Amino acid sequence: MQQPRRRIRRHRRPVALGAATALVIAALATASSTLPLQSPASAGPAATAPLATGLGPCRIASSMGVQMSEGMPTRPGYARSTGRVRALNLMIDFPDAQGTEPAMDRLAEFFPQTTDWFRTSSYGRLTYIPEAPIHSWLRMPLPFEEYGIERGSPYEPGYRHLVQDIVAAADPRVDFDEYDLVNILVTPNAGPSALDTVLSVTFSGNDEAPLADGVPLSNTSFVYSRQDDGSGSYARTGYRVLPHENGHVFGLPDLYTLEGGGSVGHWDIMSEDWGANNDMLGWHKWKLGWLDNDQVSCAARPGTTDHVLEPLATRGGLKLAFVPLTAESGYAVEVRTQAGNDEAVCRPGVLIYKVSSDVDTGQGPVSVTDSTKDSPGCTRLPNVHAELSDAAFQPGDTFTDRANGIRISVLEKDEKGDYRVQVTRP
């Protein structure tokens, strides 16, 4: 049975301390109008498309017993991922860790960058509207340590107590029922440095969370410390922990494992959110409703089929080919280039990865196939998994899954930058 509380744990990055901070002006929407919450469900076409489209075999199903599955449709309870999504941002501090800067400066570390990131990744299908009706720090009644928040802390009892105190402090000035999700931006001096222990966490689909204005705070992200690796890039990249955490609010699992980002590398922000900017996998974009069904090609029938794929970063066109293996797994094929949110791509080409809906968050539900195994990679950017940075296949390359009789060949790249890929299956 699926648990109503989903805790997404964040991993540690072993990097050197730096002093760069972001002091930018946030673009905030005014909270002058009310946007009623719609029923919580996966919001995109991928969740509701009929099997008559021919994509049925490629829409691998969510698995029972998996906390946060890569399958489709996304289970109810998460925030919608298309259209206007209103995000409530509350900045909090504590008696023993008082904010040392204006609360709105903390907000400006994440906006408008987070809004822009989602606009680019979703091709404009997600309008992320950040709001901060309270411009000052919300002081919690207890010292930080008394909430018992550590890496790996469950929702009970510490986070429940903290959320109750947040609601008590904010409710007189906030209409919680106007928002789709909540971001709690904690003063950076509360708790350990993110260089030592990453506390940032999301609780999503939690209908048993405390109520505020009649609605549970069921999709809430908490951001602690600063993800500053000392490279001088914090002003550009430090915000990216929030799109990662909000990815959980939309129903996406962690792609890193206990061993780090070796399964997916820097090819998805749900794998690595430190360092240079990166995008989401095409599978995630389809799952979130950012790709239409006619932008996905399903290679389910025996024989050989050709698929002309356009770069994932551009709007329109065929973006994803999927080769189902079982009802819960298959290979996804897409073209990645250094464009859009993909700043770190150093070897553009065709990315091939396996998606498994029966593998849980943080256990490797996605695994990228490396076209150049055991290579040192093509990037030297900090906090980018180097070995998989050159994973993309080039014209003339072929991936073979002998056990399942699958062969995926990259035939050519045309003058427009589109790639022709051939899939052969028994």
Please report, to two decimal places, log10 I(q)/I(0) for segment 236-343 at q = 0.13, 0.18, 0.21 Å⁻¹ as given by the Debye formula with identical point scatterers on the Cα atoms and no solvent.
-0.52, -0.96, -1.23
Checking the a/c ratio against 1.5 first, then a/b against b/c, what shape does the Cα gyration tensor give for segment 282-425?
rounded
Need the list of lysines near residue 285 for cross-linking: C-alpha distance under 24 angstrom, and skip anything on the same chain fewer than eight residues off.
319, 354, 413, 416
Which peptide among 156-164, 341-349 comes first, and what is the full order, when sorted by highest mean count of other Cβ atoms within 10 Å?
341-349, 156-164
Could you list the residues of segment 114-145 with an amide nitrogen less than 20 Å from a label point located 7 Å from the Cα of residue 339 in the Cα-to-C-beta direction?
116-126
With θ taken as phi - 60° and the coefficients 6.51, -1.76 and 1.60, list the Karplus ³J(HN,Hα) couplings across segment 281-288 in order, rounded to whole Hz; mark glycine and proline as x.
5, x, 4, 5, 5, 5, 4, 7
Spacing of the two label points (7 Å from each Cα toward its C-beta) at residue 304 and residue 119, in nm:
4.6
Value at 222 nm in deg cm²/dmol, rounded to 500, when DSSP H runs of n ≥ 4 in the chain each add -39,500 (n - 2.57):
-2500 deg cm²/dmol
Local electrostatic count, residue 235, Cβ distance below 10 Å [Lys/Arg +1, Asp/Glu -1]:
-1
How would the chain be classified by its alpha-carbon gyration tensor: rounded, prolate or oblate, with rounded meaning a/c under 1.5 and the a/b versus b/c comparison settling the rest?
prolate
Which peptide among 311-318, 240-247, 110-117, 255-262 comes first, and what is the full order, when sorted by highest mean count of other Cβ atoms within 10 Å?
240-247, 110-117, 255-262, 311-318
Can you tell me, using C-alpha contacts under 8 Å and at least 6 residues apart, the relative contact order of segment 282-425 as a whole percent?
21
Among rounded, prolate and oblate, which fits segment 346-398 when a ≥ b ≥ c are the square roots of the eigenvalues of its C-alpha gyration tensor, a/c under 1.5 means rounded, and a/b larger than b/c means prolate?
oblate
From the Cα trace of segment 191-296, what convex hull volume per residue do you get, rounded to a whole Å³?
143
For segment 164-228, which semi-axes, largest first and in whole Å, follow from the square roots of 5 times the eigenvalues of its Cα gyration tensor?
25, 13, 9
Which length gain, in nm to one decimal place, applies between residue 411 and residue 211 when the Cα-Cα distance is subtracted from 0.36 nm times their residue separation?
66.4 nm
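Every read-out reported here was derived from the displayed coordinates using simple, explicitly stated rules and does not represent laboratory data. Small disclaimer: the values here were computed from a predicted structure and weren't measured. Cβ: placed from backbone, ideal geometry, glycine included. Neighbour counts: every protein chain shown.
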